[in-house]
Amino acid sequence: MSDAAAISTGHDLLGPPERLHPLYLLTGLGQALRGAWGMLAAGAYFASQGSWLLVGAIAALFILFSIGSLYLRWLKLEYRVGADELRIDSGWLNRTSRAIPFDRVTDVDLEQGPLHRLLGLARVKLETGGSAGGKEEEGVLHTIALERAESLRDHVRTRKGLAPARSAVETEAATAAIFAMDGKRVLTAGLFNFSLAVIAGLFGVTQTMGDALGFDPFERQFWIDLFARSGPVRDLIMAHRIGAAIAGSILLVLLGIGTGFTRTLLREHRFRLDRTETGFRRRRGLLTLTDVSIPAKRVQAAILATGPVRRAFGWWELKLQSLAQDGGKGDHVVAPLAHEPEAAEILSSLHWPIAPTGSWRPVSRAYVTSFVGILIPASIVTVVAIPFLGPVALLWLAGAGLAIGMRWLDWKRARYAIDRESLFVERGWWRHRRNILPRARIQSVDIAESWWSRMFGICTLRLGVAGGSGFSDHHVPALSRHNAEALRAELLS
């Protein structure tokens with residue numbers, strides 16, 4: 001690889017062809033396994049039935065198709081590095097030759113999974129404006145030597161008139177991070193990363209597959225077997241079935257908290273954000289180490305997120321909505337758990353304010369009354385049906401009351417403000433968001449209303465901003481038509 005590493009200096013010349021590192025056949029196995037989960041599940045089923053001949057046939061098919069296709073991809077993918085572009089030729093039956101001019105490259109990101117770090121390899125991703133917001137990666141070299149990856153990144157930066165990227169050790173020694181998280185902060189973030197979705201998923205698994213797996217913490221027999229040597233606990237569970245339900249719920253909550261801790265530790269370990277001459281550089285990860293650049297000129301909006309518990313302790317999460325991608329998403333987390341002054345320092349480096357200089361404006365009360373109007377007919381029917389439905393009807397009414405209460409809390413938090421350069425929109429109580437949109441980045445302003453919202457005299461102002469993902473829906477809800485048109489005129493002026 002030493003001869004191949006030489007980079008052509010001619011303007012129109014390309015360097016010699018290079019392949020991915022041969023260990024791609026090992027590092028790519030994870031991707032091959034994910035693509036063959038159905039085959040692996042079938043193999044596990046036949047193994048449990050003792051049909052070893054079928055298991056052997058499935059294993060042979062897996063080796064033939066999955067590993068064989070991995071080898072063909074390695075064999076048929078070549079890349080050439082020139083003075084001004086990267087050329088990637090790939091494909092077996094259908095060949096693709098992709099040219100990526102360096103002057104159009106906005107990011108050169110390096111990623112190292114556990115095997116990559118162990119073997120001194122890296123995954124390189126080059127991104128251009130053509131890949132912004134899309135799912136297709138503009139240019140990816142899945143497994144090359146780490147030294148070669150760093151030299152390629154430096155070459156691209158040099159051709160763009162930028163200084164070569166420092167190593168992580170050099171950067172930490174030479175500069176102070178604009179934001180960083182120590183071990184205590186990461187563990188605190190894990191506590192707040194408690195996921196109801198994980199608990200719901202675990203509950204669904206125990207209810208649908210608990211008997212087959214032998215794990216159903218909502219059944220008395222599970223706890224009787226677990227505490228077989230503890231007479232008092234076993235007798236309590238035998239006497240009170242509700243005890244099993246309470247113990248099962250506590251177990252699922254503990255599993256949810258543990259999952260949040262584990263997921264956060266793996267992702268945010270040694271989180272560090274540095275300010276560079278072109279934007280930000282973010283590094284993080286315990287097993288998979290990522291080194292991502294976020295060009296400042298491509299940042300379109302900022303999103304501050306919190307919740308009732310986080311807000312009580314003064315914690316926020318800061319995301320930057322960008323045209324560049326971060327693992328297929330356009331929202332870059334630049335501060336997973338930060339106090340407001342820390343988030344303000346990051347935004348001030350972009351010359352963005354964290355809060356408006358003027359006063360906030362509330363949205364219409366019809367935000368609540370229009371929602372209540374939807375529930376009233378169903379609630380009346382449910383009240384009439386109480387003698388027939390019994391506890392089910394009471395449960396539905398309790399849920400409707402809770403939904404109305406949540407809507408009212410959301411309305412109390414819904415507001416907006418505008419100053420000379422930015423629009424600020426806050427929404428949500430449980431999932432509170434403050435969206436900061438520079439007026440120069442807003443590409444379209446739409447007024448949307450339905451027949452139901454027209455009955456209450458309100459509409460929604462939707463703001464088109466490039467980049468982002470599902471969490472980047474920018475809109476101002478429950479505005480009167482007059483206020484919506486006035487705000488649109490003010491934004492477009």
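Provide, for q = 0.14, 0.17, 0.19 Å⁻¹, the log10 of I(q)/I(0) from a solvent-free Debye sum over equal Cα point scatterers in the range 252-387. Here log10 of I(q) over I(0) equals -0.82, -1.01, -1.15. Evaluated with a Cβ-only charge set (Lys, Arg +1; Asp, Glu -1), the range 370-493 carries a dipole of roughly 220 debye about its Cα centre, given to the nearest 20. Using alpha-carbon positions, what is the distance between the centroids of the range 385-452 and the range 330-378, in Å? Cα centres, the range 385-452 to the range 330-378: 11 Å. Eigen-decomposition of the gyration tensor built on the alpha-carbon atoms of the range 416-474 gives equivalent ellipsoid semi-axes of 21, 15, 13 angstrom, largest listed first. Heavy atoms of the protein chains alone define the surface here; on that basis the range 355-471 has 56 Å² accessible area per residue at 1.4 Å probe size. Quick note on the range 353-478: its Rg to Rh ratio, both from C-alpha atoms and Rh being the Kirkwood radius, is 1.09.
Between M455 and S493, 0.36 nm times their residue separation minus their Cα-Cα distance comes to what? In short, 10.7 nm is gained. Taking all protein chains as present, what is the carbon and sulfur share of the accessible area of the range 423-481, in % to the nearest whole number, probe 1.4 Å? Carbon plus sulfur share of accessible area: 52 percent. Sorting E85, E147 by solvent-accessible area of protein heavy atoms yields E147, E85, largest first, with a 1.4 Å probe. When the charge dipole of the range 280-393 is built from unit charges on Cβ atoms (+1 for Lys and Arg, -1 for Asp and Glu) and taken about the Cα centre, the candidate among H351, V384, T369 whose Cα reaches farthest toward its positive end is H351. Treating each Cα of the range 28-94 as an identical point scatterer and summing with the Debye formula, the log10 of I(q)/I(0) at q = 0.21, 0.26 Å⁻¹ comes to -0.87, -1.07. If you plug the beta carbon distance of S480 and L187 into 1/(1 + (r/R0)^6) with R0 = 41 Å, you get a FRET efficiency near 0.30.
Taking the protein heavy atoms of the range 286-346 in the context of the full set of protein chains, the accessible area attributed to carbon and sulfur is 62 percent at 1.4 Å. Dipole of the range 63-109 computed with +1 at Lys/Arg Cβ and -1 at Asp/Glu Cβ about the Cα centre; of T106, Y79, G68, farthest Cα towards the positive end is G68.
The values are calculated or read from the model by the stated rules, or taken from the named source; none is laboratory data. What you see is a predicted model, and the numbers here were worked out from it, not measured in a lab. Backbone-built Cβ (ideal geometry, glycine too); neighbour counts: all protein chains shown. For accessibility, only protein heavy atoms count, side chains too; no ligands or nucleic acids. Shrake-Rupley method; radii C 1.70, N 1.55, O 1.52, S 1.80 Å.
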